[in-house]
Amino acid sequence: MRILTIGGGGRECAAVDAFHRAGSDIYAVMKNANPGIICRAEEYLLADEKDIAAICKFAKENMIELAFVGPEAPLEAGIVDALEREGVPCASPTKAAARIETSKSFMRELVRKHKVDGNLEYAAFDNPADTEAYLKKVDHQIVVKPIGLTGGKGVKVEGEHLHTLKDIMDYVGEIFDQNIGGSGVIIEEKAVGEEFTQMAFCDGKTVAPMPLVQDHKRAYEGDVGPNTGGMGSYSDADHLLPFIGNGDREKSLAIMRQIVSAMSEEGCPYRGVMYGQFMLTKNGPKIIEINARFGDPEAMNVLPILEDNFEKICWDMANGTLSESVRFAKKATVCKYVVPRGYGTKPESGSEISIDMEAVKRSGAEAFYANVEMVNDKIITGTSRAVGIVGIDKTLEEADRNCETALTFVKSDAVYVRHDIGTRDLVQRRVDHMREILAK
Ligand code: AMP
Ligand code: GLY
């Protein structure tokens, strides 16, 4: 089938790889010349991923039969609605359905209205004075979020990034003054526990789960530093995580099923990959955010171990014919993102990076290019994450070992990697932390 993919990051590189394995003919639109996507594509267009007119023209010229959108920005711009008007079925949500991600207040209100489990206390504001009046009343710790999209970097947590009412109000002021996220502020109750990602394929009514993944948003080893789009992630061979059992996993899936049926009732049925970010707390899983797409890096954990045909799954999501279970290999994965030095604060771009792809494969790993650019046969880093290396094996320890071996075949003198992701030490710290929380 002739497939259109939109996006040029590591997540899209992994999706293109899965389409390639499924035998698809790939037509890619991306803003950066991603070498991992280009080498699989019949044709590609370098364009702004929100340029609806250019993308629709490219889709028509190439007689696209099915489209898959990686990032959230084109979803918010209405790319799916526009492609569907041209008669192209899409395995991604419409603009109205993508509000589950693009408006944090839409998500919380939907969950409140439909009495979905796992909600947190929250209030949304369009000015600093009302925000401050509310903050003076609440008696729990809070999290400050811009309501709209910020690329995963706009959230600040009391007790971590913010310590006093003044800190909180300074940040709230900044969000309004600089119009960060574009639609005001949401104050949420702070959930305490361990975070995990549950992604699922959805076709408007059926929800088919993927293995659980744990992402690492903090920039530096030991989980410190600014929040990033995600520095790396791991998944385990039993598709659970070492600190979460089947019961809590089922609860998070039930929450996602409730959301999918609530969206149908609201007249904006949800088709595409849904990303549930949850905090496992003393009182079960709580919703941190719901995204309208694969996670990045999490896509790189699950797609390489997908056993069913990705093209067929996408066709079924677009057409409402998805089966309730999708098969994944019983393997553990550890993904570490190679990022430009300074990523998270002041990234240095423009350095050369080279990867021995054959050696990476021989190590039991995969490499997915992300924010890099092919320039005169050289691969040059941008300001965001450069390449995701994913070790795959029977156990987490072996997957981590494969990932680390593969990383030695990535050459660049201006990059940084969080080597602690997926290690026995860090995973054990997560298990101990969860135990402590449950014992309180
Ligand atoms: P988000 O972009 O909404 O995923 O938020 C980024 C990070 O901030 C999350 O991965 C969490 O670590 C943290 N966070 C967001 N919302 C909350 C919350 N309500 N309670 C505790 N931590 C949160
Ligand atoms: N890994 C976090 C995200 O994709 O939103």
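The values are calculated or read from the model by the stated rules, or taken from the named source; none is laboratory data. Owing to the predicted nature of the structure, the values given are computational and were not obtained by experimental measurement. Cβ atoms come from the backbone with ideal geometry, glycine included; neighbour counts cover every protein chain shown. Only protein heavy atoms, including side chains, enter the accessible area calculation; ligands, DNA and RNA are left aside. Shrake-Rupley method; radii C 1.70, N 1.55, O 1.52, S 1.80 Å.
Does the stretch 170-189 contain at least one residue that is farther than 27 Å from Leu75 by Cα, away from ligand 1 (no atom under 15 Å from the Cβ), at pLDDT 95 or above and over 22 Å from the mean Cα position of the chain (by Cα)? Yes, there is a match, as at least one residue in the stretch 170-189 is farther than 27 Å from Leu75 by Cα, away from ligand 1 (no atom under 15 Å from the Cβ), at pLDDT 95 or above and over 22 Å from the mean Cα position of the chain (by Cα). Taking Arg218 as the residue in question, decide whether it is of a type in the set (D, E, K, R) and within 16 Å of ligand 2 (Cβ to nearest atom). So Arg218 fits the description; yes. In the stretch 260-293, the residue that is nearest to the chain's Cα centre (by Cα) out of those that are within 23 Å of Trp315 (Cβ to Cβ), more than 16 Å from ligand 2 (Cβ to nearest atom) and of a type in the set (A, V, I, L, M, F, W, C) is Val260. Going by what's in this entry, would Glu404 be described as in a strand (DSSP E or B) and within 24 Å of the chain's Cα centre (by Cα)? It is false that Glu404 is in a strand (DSSP E or B) and within 24 Å of the chain's Cα centre (by Cα). Restricting the first member to the stretch 230-256 and to residues that are at positive phi, and the second to residues that are open to solvent by 30 Å² or more (accessible area, probe 1.4 Å), the beta-carbon pairs closer than 6 Å and six or more apart or on different chains are Gly230/Lys217. Val302 falls short of the stated requirement of being within 16 Å of ligand 2 (Cβ to nearest atom), in a strand (DSSP E or B) and either open to solvent by less than 10 Å² (accessible area, probe 1.4 Å) or within 29 Å of Asp393 (Cβ to Cβ) (or both). Determine, yes or no, whether Pro269 is part of a loop (DSSP other than H, G, I, E, B), buried (at least 24 other Cβ atoms within 10 Å of the Cβ) and away from ligand 1 (no atom under 15 Å from the Cβ). The answer is no for Pro269.
Of everything in the stretch 272-284 that's of a type in the set (A, V, I, L, M, F, W, C) and over 22 Å from His433 (Cα atoms), which residue is surrounded by the fewest Cβ atoms within 10 Å (Cβ to Cβ)? Out of the qualifying residues, it is Met274. In the stretch 209-255, of all residues being buried (at least 21 other Cβ atoms within 10 Å of the Cβ), closer than 23 Å to Met107 by Cβ and aliphatic (A, V, I, L, M), the one that is farthest from the chain's Cα centre (by Cα) corresponds to Ile244. Do we find that Leu162 is among the hydrophobic types (A, V, I, L, M, F, W, C), closer than 27 Å to Arg271 by Cα, open to solvent by less than 20 Å² (accessible area, probe 1.4 Å) and within 16 Å of ligand 1 (Cβ to nearest atom) in this structure? No; evaluated as a whole, the condition is false for this residue.
Figure legend. Inter-residue proximity from the stretch 285-306: first residues within 16 Å of ligand 1 (Cβ to nearest atom), second residues basic (Lys, Arg), beta-carbon distance below 6 Å, spacing 6+ or different chains. Indicated pairs: Pro285/Lys251; Phe294/Arg11; Asp296/Arg11; Ala299/Arg11. Taking helices (runs of 4 or more DSSP H) as the structural unit, those lying wholly within the stretch 71-187 and holding at least 2 residues that are among the hydrophobic types (A, V, I, L, M, F, W, C) correspond to 72-77, 79-85, 104-113, 128-137, 165-177.
When you scan the stretch 211-234, do you find a residue that is of a type in the set (Phe, Trp, Tyr) and more than 29 Å from Trp315 (Cβ to Cβ), even just one? Quick ask: steps written out before the conclusion?
So the first thing to find is which residues in the stretch 211-234 are of a type in the set (Phe, Trp, Tyr), and the list is 220, 234.
Among the residues that remain, those that are also more than 29 Å from Trp315 (Cβ to Cβ) are: 220, 234.
Scanning the stretch 211-234 turns up at least one residue that is of a type in the set (Phe, Trp, Tyr) and more than 29 Å from Trp315 (Cβ to Cβ).
Would a scan of the stretch 340-348 turn up a residue that is within 16 Å of ligand 1 (Cβ to nearest atom) and of a type in the set (Lys, Arg)? No - not one qualifying residue is present in the stretch 340-348. Do you know which of the residues in the stretch 189-226 that are touching an Asp or Glu at 6+ places or on another chain (Cβ under 7 Å), part of a strand (DSSP E or B) and among the acidic types (Asp, Glu) is farthest from Phe243 (Cα to Cα)? By that ranking, first place goes to Asp203.
Residues that are modelled with pLDDT of 95 or more, farther than 29 Å from Asp316 by Cβ and either within 16 Å of ligand 2 (Cβ to nearest atom) or under 21 Å from the mean Cα position of the chain (by Cα) (or both) do not occur anywhere in the stretch 90-107.
What helices (runs of 4 or more DSSP H) lie completely within the stretch 1-64 and have 1 or more residues being free of Cβ contacts under 8 Å to residues at least 24 places away in the same chain and farther than 16 Å from Val80 by Cα?
Values: elements: 10-21, 35-38, 52-61.
Per the criteria, 10-21, 52-61.
Just one of (1) within 10 Å of ligand 1 (Cβ to nearest atom); (2) surrounded by fewer than 15 Cβ atoms within 10 Å (Cβ to Cβ) fails for Lys145. It is (2). When Gly284, Gly247, Gly222 are screened for being under 25 Å from Val338 (Cα atoms) and not aliphatic (A, V, I, L, M), only Gly222 passes. Going residue by residue through the stretch 357-373, is there one that turns out to be assigned to a strand (DSSP E or B), of a type outside the set (Gly, Ala, Ser) and open to solvent by 50 Å² or more (accessible area, probe 1.4 Å)? Scanning the stretch 357-373 turns up at least one residue that is assigned to a strand (DSSP E or B), of a type outside the set (Gly, Ala, Ser) and open to solvent by 50 Å² or more (accessible area, probe 1.4 Å).
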